[in-house]
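Encoded as structure tokens, the structure appears first; notes follow it.
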There are 2 protein chains.
Amino acid sequence: MLTSRSILRALGAAAAVVASTQASAQVTSARPVTVGQLPPATYKPEFGTMWTFDAPPLDYWRRTYNFAPDQKWLDHVRLASVRLPNCSASFVSAHGLVMTNHHCGRDCTASSSPADSNYIETGFAAGTLADEKKCAGLYVDRLQSIQNVTDRVRGAITGSTPAEQTAQRNAVITQIQDECKQQTQLNCQVVTLYQGGIYSLYRYRRFNDIRLVMAPEGDIAFFGGDPDNFTYPRYDLDLTLLRVYENGQPYSPTDYLKWSQAGAGENELVFVVGNPGSTGRLNTLSQMAFLRDVGYPASLAAYKRSLAIYDQLARTDTSAARRYQNDVFGIANSQKAVTGYRAGLLDTLSMAKKAAFEREFRARIAADPKLQAQYGGTWDAIAAAQRELATFNPQLRYYGFGGGSNLLQLAAGLVRVASESGKPDAERLAQYRGAGLTNIRNSISGPVPIDTAFERLAIAAQLRAAQGELPANDPFLAAALAGKTPDARAAELVRGTKIGDQSFRQSLIQGGAAAIASSTDPMIVFARAVDPLSRAQLARANALNATIATNSEKIGQALFAAYGTALPPDATFTLRISDGVVKGFPSNGTIAPYKTTFYGLYERSAAFDDKDPFKLPKRWVDRKGNLDLSTPYDFVSTNDIIGGNSGSPVINKNAEVVGLVFDSNIEGVSNRFIFSTDVGRTVSVHSRGITEALRKMYDGKRIADELQGR
Amino acid sequence: MLTSRSILRALGAAAAVVASTQASAQVTSARPVTVGQLPPATYKPEFGTMWTFDAPPLDYWRRTYNFAPDQKWLDHVRLASVRLPNCSASFVSAHGLVMTNHHCGRDCTASSSPADSNYIETGFAAGTLADEKKCAGLYVDRLQSIQNVTDRVRGAITGSTPAEQTAQRNAVITQIQDECKQQTQLNCQVVTLYQGGIYSLYRYRRFNDIRLVMAPEGDIAFFGGDPDNFTYPRYDLDLTLLRVYENGQPYSPTDYLKWSQAGAGENELVFVVGNPGSTGRLNTLSQMAFLRDVGYPASLAAYKRSLAIYDQLARTDTSAARRYQNDVFGIANSQKAVTGYRAGLLDTLSMAKKAAFEREFRARIAADPKLQAQYGGTWDAIAAAQRELATFNPQLRYYGFGGGSNLLQLAAGLVRVASESGKPDAERLAQYRGAGLTNIRNSISGPVPIDTAFERLAIAAQLRAAQGELPANDPFLAAALAGKTPDARAAELVRGTKIGDQSFRQSLIQGGAAAIASSTDPMIVFARAVDPLSRAQLARANALNATIATNSEKIGQALFAAYGTALPPDATFTLRISDGVVKGFPSNGTIAPYKTTFYGLYERSAAFDDKDPFKLPKRWVDRKGNLDLSTPYDFVSTNDIIGGNSGSPVINKNAEVVGLVFDSNIEGVSNRFIFSTDVGRTVSVHSRGITEALRKMYDGKRIADELQGR
């Protein structure tokens, strides 16, 4: 299948959302404490290696690799790195070339294609600067500096209730960010690390003129498609080269990564620099158990329903398969990822390791009366809240207008815009606060594509699932089904509503609360009936999540108190540097090699008789003879990555590019909660594979010379 | 590593021993019964597909594949197949070419090498008939006919005790075999099928003049060595071509397998024809539990001890690694196989399937009062005996002069030859009955290499393990250790004994019981002290094993009564035909393709930087350009094989060669007890890979033309 995918991309966006949601949900009520009489903290490998640039573990690196970079090296590497909206990337030439994954540049590659062609199918390599294609709407951010603002954030929080604390915290963060922007003209973000153990101000310079330089065919970028996704050995050229322009000219960055001559070698120390989206290594055992037993099973069931809908559509409409392939891939990818996450939680050995750590952690806290008084109760408080959340999880999910229907979302939005508009900001639903209300109003008033066949199936599937999971007398079922079967009710709603019509929606928005209250549109009637039920469950969940957030922040502070920066913080889709080693692993009863070569690409295609998704692009068939087939192509290393790291450069001790991260093997997916280098691996394109392909396949001498500084 | 290995070879020999041991241990006491009022029996896939040529499952094949061969096809295929001492093979030309595995022809390949070279390292292809090399001592057997002799065997068994029955059975089998040999001049063997459900007389024609025609380098035959052993994808040319001569001229067989033009294709029906050594699918749950919990763990511990000894030797003596590589490989291979067998037994899903079958089987028996009376108690009787065997398993093992020491074996042999010589045949230890006594006496009198460094370590390891497993007051420890530490005692024994000296052994043999009784040689003293302990445990175990054998035979009869030939019998290292389909399988998070190509060979070598055991022979580097790299090389199918099947031809519906079996994937190893085609696969060399290699790599036009009938 030829679509964007991989955990690294699919979860990048989600990760960003999670990070910002966490930030707004977290409150602080305690001062940091010193370690006191606790024994010295040591690094715990299960916490992984996603280090922030302001706390590089120099002693640990020196001890482990006999190498520790100086501040100049660290600054250089940080300034050579950039962040795309959902991915990671890096400057790789003096003239602003930016390297990232094919799936990260996919939107640009598709949208900059000429009318009669599609670069996703044909590949693209600009012959000259003038041929480089503008990527509409794309930008990259470079992290200019980091400042610890923990004291200022904590100092502003004087309230006694969680609600007051949250408001004060949000206010001071907004204030810090606004001041920063005014002073520096940079994009400023306060990042919550260690769940509130540290607050850091990250200042980014944004570049808005980005152009497409080179992208291979999707069939070679994603060779092996869905089956090979999250696996290794791999044979993918998952590459896009972009260029940053400034004032219409290629930008000349002060810092960019040079290209390694040799590329990644076996057992070599390498660093991955990028923006991992979200990990859960600070989660308590009870939080992990909730995900394993409640959260993830619900997600997996929802993915299954969605895939069944697309499958049904594809069977009745041959164009549907093509139209929905991106959605299907995205869901299948999430399904594979979540199955992997859950596998980690189902692994008794990993969970035993986690339990052992939690015992040690609690013992360290209990050993200090002051720490015990402050933090001793957090684990049990979280466990109690998780238990209660589990009791109404189906209600929370089904009352929430989910299941993929745009009509349901529009109806809910119309009803809520009407009611929330009349309230003071602080009393609104979270999404409707600040700029949220305006944004949502604009989205609803704008064009929204409605696929009625899909809508009918999605609403019916959601109602059917609700019927199966909710008690028969649940008020939602009465309101939502109105005595009909799920299929009949879905058909009736989709047939009867006019909210698919943009001007109808605009008239309802303009009519305000009165127009909504008097509307007889069946979707509006539906949303009006369900909205109060949904609000009640949301309020209950919000309260419990606030308890969890408060206590999670305490856990983060306790961790910081007990271990300091000896343990890296959870991922926050901000810049990290992870150490690792280029290394094969035991797999499939034998050994997976540290690298693959172009021979393997042709082997895997030939072994499957060149059938999709192992079909080679024509260019790769015609020009095979040009290639040195023994050139390294992809490789694996023990670096610590997760969604958001897509497009991260892999660099050597000299800060030279030796590879380009694009995936994790399936064994690495369960590293989300408990990190291990036993068999989990980061999968990257080898730097030599990139230049060999550019020169021999894409007539890309201009670009390869630029990368290699020739 | 470059040695013979793989389950298929390593277990071939063991399988033959097991088969003949079973035959002599089994007795019969019940007549076969008809199915009576039981519902019709249906095929159970978990019993696999190792069909005998006199009971081909034509209906099942027709139903499953819409294909059923006629008798002429079956006779032709049977007569084109031959058996090597430990392997399977087939006639593949009108001039007596025989195809088998490299590891099956290894002894001939090594021994026919010239003094200054080694064909295992260099490979060999005879340019002309005159260049073909005589294989000293090698023979092949062709199965001429099969006759059911069940009635005659049963009719001869009139005694009431198991001992009488065993003797009568052995006698009638010997009589049938001798008569057959006299009448036909063929080698005749009575084969016990269904643990006594059927006795069949197999008549073989033996060919004694076998010559080496072609064998590739060991490095390409066993490419990937120990790591890739039992795995797939694979890239091995595990081939030897021999030729049968008669009266100094190439033999012209009436039946030989023609060569397929296309070779194995995806999803194609294929048959494997060969001699599987030993399966345990008729084992009861309690027998499987014994192997899982007692037998296999003990074997695995013994392998581990042996490997540790070789490892220690290699560390002090650089030539030892080379000298012992075959032994090490053999043990490592058995270790991998037994780990696989045990994995099957540890798999709760498989065991649940087995338990479900046993419930159904017992219910079928219980449904018929006559069958219930005859067979209803067998399962519990076996379970009780297995339980008791478990109680003294360590004693049985450590008293038995095991652990790999030749000196211990020689000492035990000398002591026992002296005592057994004076007894009537029937009262001797089993191995000393019939020709056994003379054979053992001759072996002891002949030359036996003694490696004193190995002896010391092996005896010490055995004594140390005994100390760890036996109670402190065990009489063996007192006799064996004589108050010393294991290391000191082993050193003392090896230093003090003279039985390493052939003439000393001969003098003891000639001196008879008196010489043994008065000997002060420390090894003889040791063996004299341990022998009575060993005999007592052996007697106890023999009685329990006789109970198990008696009841196992009943299980076999009951199975035959309840299911008839709907289920194939367990493997007996005799000719079987197994149906299957050429098919990839889910593996490593993705799909393993149905075939590999030569691209993959070069990929795997390049990915490991051409390091051992992924190093290519020089010829394969130099002549790479000659090859069509996309030629199919190895492939997988769902046929049912096990040790002994090495060298079996894979044929299509036209009885043409499409491949050459050489291994099973690791997932297939657990098929020993419970067969499944979910992920277990037979691994074969593709017929097109063979001819491509012959023509392009080995200047083998003469041979390839002969195979392809050109």
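The values are calculated or read from the model by the stated rules, or taken from the named source; none is laboratory data. As the structure is a prediction and not an experimental result, all values here were calculated from the model. Every residue, glycine among them, receives a Cβ derived from its backbone with ideal geometry; neighbour counts consider all protein chains shown. What goes into the accessible areas is simple: the full protein's heavy atoms, side chains included, and nothing from ligands, DNA or RNA. Shrake-Rupley method; radii C 1.70, N 1.55, O 1.52, S 1.80 Å.
For the reader, a short list of remarks on this structure follows.
- Count - residues of region A:362-412 that are outside any helix (DSSP H, G or I) and either of a type in the set (Ser, Thr, Tyr) or more than 26 Å from the chain's Cα centre (by Cα) (or both): 7
- Count of region A:509-522 residues which are surrounded by fewer than 18 Cβ atoms within 10 Å (Cβ to Cβ) and on the phi < 0 side of the Ramachandran plot: 8
Residues are listed down the side, and each one gets a yes or a no for (1) part of a helix (DSSP H, G or I); (2) surrounded by 23 or more Cβ atoms within 10 Å (Cβ to Cβ); (3) on the phi > 0 side of the Ramachandran plot:
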position: B:Glu266; (1), (2), (3): no, no, no
position: B:Phe271; (1), (2), (3): no, yes, no
position: B:Gly277; (1), (2), (3): no, yes, no
position: B:Gly280; (1), (2), (3): no, no, no
position: B:Ser286; (1), (2), (3): yes, no, no
position: B:Gly295; (1), (2), (3): yes, no, no
position: B:Ala298; (1), (2), (3): yes, no, no
position: B:Lys304; (1), (2), (3): yes, no, no
position: B:Gln312; (1), (2), (3): yes, no, no
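- The condition of being modelled with pLDDT of 95 or more, in contact with a helix residue (DSSP H, G or I) (Cβ under 6 Å, 6 or more places away or on another chain) and of a type outside the set (Lys, Arg) does not hold for B:Thr520.
- Verdict on A:Ala356 being within 27 Å of the chain's Cα centre (by Cα) and either open to solvent by 20 Å² or more (accessible area, probe 1.4 Å) or small (Gly, Ala, Ser) (or both): no
- Remark: pairs (first residue in region A:575-594, within 13 Å of chain B (Cβ to nearest Cβ) and closer than 30 Å to A:Arg142 by Cβ; second residue open to solvent by less than 20 Å² (accessible area, probe 1.4 Å) and in a loop (DSSP other than H, G, I, E, B); Cβ separation under 6 Å; 6+ apart in sequence or on different chains) = A:Val582/A:Ala264; A:Val582/A:Tyr594.
- Selection of region B:59-106 for residues being in contact with a helix residue (DSSP H, G or I) (Cβ under 9 Å, 6 or more places away or on another chain), modelled with pLDDT under 95 and open to solvent by 40 Å² or more (accessible area, probe 1.4 Å) yields B:Pro85, B:Asn86.
- Scanning region A:414-432 for residues that are farther than 20 Å from A:Ser507 by Cα, outside any helix (DSSP H, G or I) and in contact (Cβ under 8 Å) with a residue 40 or more places away in the chain yields a single hit, A:Leu429.
- Candidates B:Ser145, B:Ser112 - the one that is open to solvent by less than 60 Å² (accessible area, probe 1.4 Å) and touching a residue at least 60 places away in the same chain (Cβ under 8 Å): B:Ser112
- Within the option set A:Ala704, A:Ala693, being free of Cβ contacts under 8 Å to residues at least 60 places away in the same chain and open to solvent by less than 10 Å² (accessible area, probe 1.4 Å) holds for one residue only, A:Ala704.
- Residues being in contact with a Gly (Cβ under 6 Å, 6 or more places away or on another chain) and surrounded by 20 or more Cβ atoms within 10 Å (Cβ to Cβ) - total across region A:442-470: 3
- With respect to (1) modelled with pLDDT of 95 or more; (2) of a type outside the set (Gly, Ala, Ser); (3) surrounded by 15 or more Cβ atoms within 10 Å (Cβ to Cβ); (4) in a helix (DSSP H, G or I), the lone exception for B:Gln506 is condition (3).
- Counting only helices (runs of 4 or more DSSP H) wholly contained in region B:596-674, the ones carrying 1 or more residues that are within 30 Å of B:Arg342 (Cα to Cα), open to solvent by less than 20 Å² (accessible area, probe 1.4 Å) and within 14 Å of another protein chain (Cβ to nearest Cβ) occupy B:666-669.
- Positions within region B:107-125 being of a type in the set (Asp, Glu) and in contact with a helix residue (DSSP H, G or I) (Cβ under 9 Å, 6 or more places away or on another chain), in sequence order: B:Glu121
One line per residue, one yes/no per condition, for (1) assigned to a loop (DSSP other than H, G, I, E, B); (2) within 25 Å of the chain's Cα centre (by Cα); (3) buried (at least 21 other Cβ atoms within 10 Å of the Cβ):
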residue: A:Gly137; (1), (2), (3): yes, yes, no
residue: A:Gly155; (1), (2), (3): no, no, no
residue: A:Asn170; (1), (2), (3): no, yes, no
residue: A:Asp178; (1), (2), (3): no, no, no
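- Residues in region A:58-100 that are under 24 Å from A:Asn148 (Cβ atoms), outside any helix (DSSP H, G or I) and in contact with a strand residue (DSSP E or B) (Cβ under 6 Å, 6 or more places away or on another chain): A:Ala80, A:Ser81, A:Val82, A:Arg83, A:Ser88.
- So A:Gln467, is it more than 30 Å from the chain's Cα centre (by Cα) and touching a residue at least 12 places away in the same chain (Cβ under 8 Å): yes
- Whenever a residue of region B:203-230 is within 14 Å of chain A (Cβ to nearest Cβ), its partners that are part of a helix (DSSP H, G or I) and of a type outside the set (Ser, Thr, Tyr), lying with C-beta atoms within less than 6 angstrom and at least six residues away or across chains, give the pairs B:Asp226/B:Ala332; B:Phe230/B:Lys336; B:Phe230/B:Ile666.
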